[in-house]
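Here is the structure we will look at.
The values are calculated or read from the model by the stated rules, or taken from the named source; none is laboratory data. Quick caveat: nothing in here was measured; it's all calculated off a predicted structure. A quick note on method: Cβ atoms are made from the backbone with ideal geometry, for glycine too, and the neighbour counts reach across all protein chains shown. Each accessible area value is taken on the protein alone, full model and side chains, heavy atoms only, with ligands, DNA and RNA left out. Shrake-Rupley method; radii C 1.70, N 1.55, O 1.52, S 1.80 Å.
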Amino acid sequence: MKITDECFGKVKQDCFKFIKSQETSTEKFKGKEKMLKSFLIPLCAWISKKSDKKNPYFLGLAGGQGTGKTTISSLISIILKKYFKKNVFRVSIDDFYKTRKDRSKLSKSIHPMLMTRGVPGTHDLKMMQNFFKSVKQKKFKSIKVPKFDKSIDDRSLKKNWYNINKKPDIIIFEGWCVGAKAEENKSLKKSINAMERNRDQKLVWRKFVNQQLNTNYKKLYAQLNSLVYLKAKDFSLLQKWRLKQENKLKLKNKKKSNNKIMNKNEVLEFMQTYQRVTENMFKKAPKYASIIMNLNSNHIIKSAVYRDR
């Protein structure tokens, strides 16, 4: 308890400032003190203990769309830097999406649904593998890491990319499908929603995504030291949260003339591409994640289960 109170005293101001930056006039963050003291500070103490100075510690942070991965990973980063004095680099798997041009090629050569960013197979695997490899080098050289701009649905210009000038102690790798595992092929036969039923009648898209999980992504995720999974109650709750997220994005980017912000129907259709992998993670991830953070319907962490002490 002493370490929690001491840590809270040192990080409170920065964490609350960040939380405030994420709020809107109608959406206020509830239970922030409890979240920090009961869940995030103990989690950071656990991460700090697990990490060593020789190699970067890869923490995977997963959860369905709208579960608050960015907020939670940002707060973890603040606590680890400020109190535990760790050099932390936080990046999303979303930053490694293929460009629109590359997804267009993929959509023509394999399946039209691969034009839509999101599912395994729409990320630049080579870039991700190179990133994992580069940060582990004994003789560390500065690294540039891509940034993806969702408001234009394309990769940002190189001048806006992240720069890592010093070897990180901890890398937080977050994303909705981080740590996801493949399904059994027989379960692919049954369509999970209208999009699969109407646009993937021959199962080409879902077989491709599943095969990516079973090969390239499996190799990538095997390099994670641990996985934290933010578990929501069900998919309909994620849809509700994701709509709120898009609304925030709309407010933030209303001055951009070329933005690709989605309306309600577009968001719900977009989420159908995520549904299969997300539903599979609901069932499977709690069995293999190191830590499961259970969220209630108000977006608040209600309990944490540590499977790896």
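Does residue 100 satisfy being buried (at least 18 other Cβ atoms within 10 Å of the Cβ) and either among the charged types (D, E, K, R) or out of contact with any strand residue (DSSP E or B) (no Cβ under 7 Å at 6 or more places or on another chain) (or both)?
In short, no.
If you go through region 226-236 one residue at a time, do you hit one that is touching a Lys or Arg at 6+ places or on another chain (Cβ under 8 Å), of a type in the set (Ser, Thr, Tyr) and closer than 18 Å to residue 291 by Cβ?
Looking for residues that are touching a Lys or Arg at 6+ places or on another chain (Cβ under 8 Å), of a type in the set (Ser, Thr, Tyr) and closer than 18 Å to residue 291 by Cβ, one finds at least one in region 226-236, hence yes.
Check whether at least one residue in region 132-148 is among the small types (Gly, Ala, Ser), farther than 16 Å from residue 92 by Cβ and open to solvent by 10 Å² or more (accessible area, probe 1.4 Å), and report yes or no. Reasoning before the result, please.
Filtering region 132-148 for residues among the small types (Gly, Ala, Ser) gives 134, 142.
Now restrict to residues that are farther than 16 Å from residue 92 by Cβ: 134, 142.
Next, from what is left, pick out any that are open to solvent by 10 Å² or more (accessible area, probe 1.4 Å): 134, 142.
Yes: region 132-148 contains one or more residues that are among the small types (Gly, Ala, Ser), farther than 16 Å from residue 92 by Cβ and open to solvent by 10 Å² or more (accessible area, probe 1.4 Å).
So residue 191 ticks every box in (1) among the small types (Gly, Ala, Ser); (2) over 22 Å from the mean Cα position of the chain (by Cα); (3) assigned to a helix (DSSP H, G or I) but one. Which box is left unticked?
Looking at each condition in turn, residue 191 falls short on (3).
When residues of region 41-52 are filtered for being surrounded by 19 or more Cβ atoms within 10 Å (Cβ to Cβ) and either farther than 16 Å from residue 228 by Cα or free of Cβ contacts under 8 Å to residues at least 60 places away in the same chain (or both), how many remain?
Going through region 41-52 one residue at a time, the tally reaches 2.
With respect to residue 114, is the statement that it is open to solvent by less than 20 Å² (accessible area, probe 1.4 Å), modelled with pLDDT of 95 or more and touching a helix residue (DSSP H, G or I) at 6+ places or on another chain (Cβ under 7 Å) true? Steps first, answer last, please.
Details: open to solvent by less than 20 Å² (accessible area, probe 1.4 Å): yes; modelled with pLDDT of 95 or more: yes; touching a helix residue (DSSP H, G or I) at 6+ places or on another chain (Cβ under 7 Å): yes.
So residue 114 fits the description; yes.
So, residue 151, is that one without any contact (Cβ under 8 Å) to a residue 40 or more places away in the chain and of a type outside the set (Val, Ile, Thr) or not?
Considered against the rule, which asks whether it is without any contact (Cβ under 8 Å) to a residue 40 or more places away in the chain and of a type outside the set (Val, Ile, Thr), residue 151 comes out as no.
Look at region 14-52 and say how many of its residues are modelled with pLDDT of 90 or more and among the charged types (D, E, K, R).
Number satisfying all stated conditions: 9.
Please determine whether any residue of region 199-207 is surrounded by fewer than 19 Cβ atoms within 10 Å (Cβ to Cβ), of a type in the set (Asp, Glu) and out of contact with any Asp or Glu (no Cβ under 9 Å at 6 or more places or on another chain).
No: zero hits.
Out of everything in region 8-40 that is of a type in the set (Asp, Glu) and over 21 Å from the mean Cα position of the chain (by Cα), what residue ends up being least open to solvent (accessible area, probe 1.4 Å)?
The first filter runs over region 8-40 and keeps only residues of a type in the set (Asp, Glu), leaving 14, 23, 27, 33.
Next, only the ones that are over 21 Å from the mean Cα position of the chain (by Cα) stay: 14, 27, 33.
Details: 14: 56, 27: 77, 33: 86 Å².
By that ranking, first place goes to 14.
Conditions (1) under 28 Å from residue 267 (Cβ atoms); (2) out of contact with any helix residue (DSSP H, G or I) (no Cβ under 8 Å at 6 or more places or on another chain), marked per residue:
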position: 36; (1), (2): no, no
position: 45; (1), (2): no, no
position: 54; (1), (2): no, yes
position: 63; (1), (2): yes, no
position: 80; (1), (2): no, no
position: 94; (1), (2): yes, yes
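Looking at region 158-188, which of the residues that are out of contact with any strand residue (DSSP E or B) (no Cβ under 9 Å at 6 or more places or on another chain) and assigned to a helix (DSSP H, G or I) is surrounded by the most Cβ atoms within 10 Å (Cβ to Cβ)?
The selected residue is 188.
Against the definition (of a type outside the set (Ser, Thr, Tyr) and at pLDDT below 95), how does residue 184 come out, yes or no?
Working: of a type outside the set (Ser, Thr, Tyr): yes; at pLDDT below 95: yes.
Considered against the rule, which asks whether it is of a type outside the set (Ser, Thr, Tyr) and at pLDDT below 95, residue 184 comes out as yes.
Quick check on my filter: what residues within region 77-101 are over 20 Å from residue 160 (Cα atoms) and assigned to a helix (DSSP H, G or I)?
Of all residues in region 77-101, those over 20 Å from residue 160 (Cα atoms) come to 77-87.
77, 78, 79, 80, 81, 82, listed by residue number.
Sort through 37, 20 and tell me the only one that's in a helix (DSSP H, G or I) and without any contact (Cβ under 8 Å) to a residue 12 or more places away in the chain.
Numbers: 37 fails: without any contact (Cβ under 8 Å) to a residue 12 or more places away in the chain.
Every option except 20 fails the conditions.
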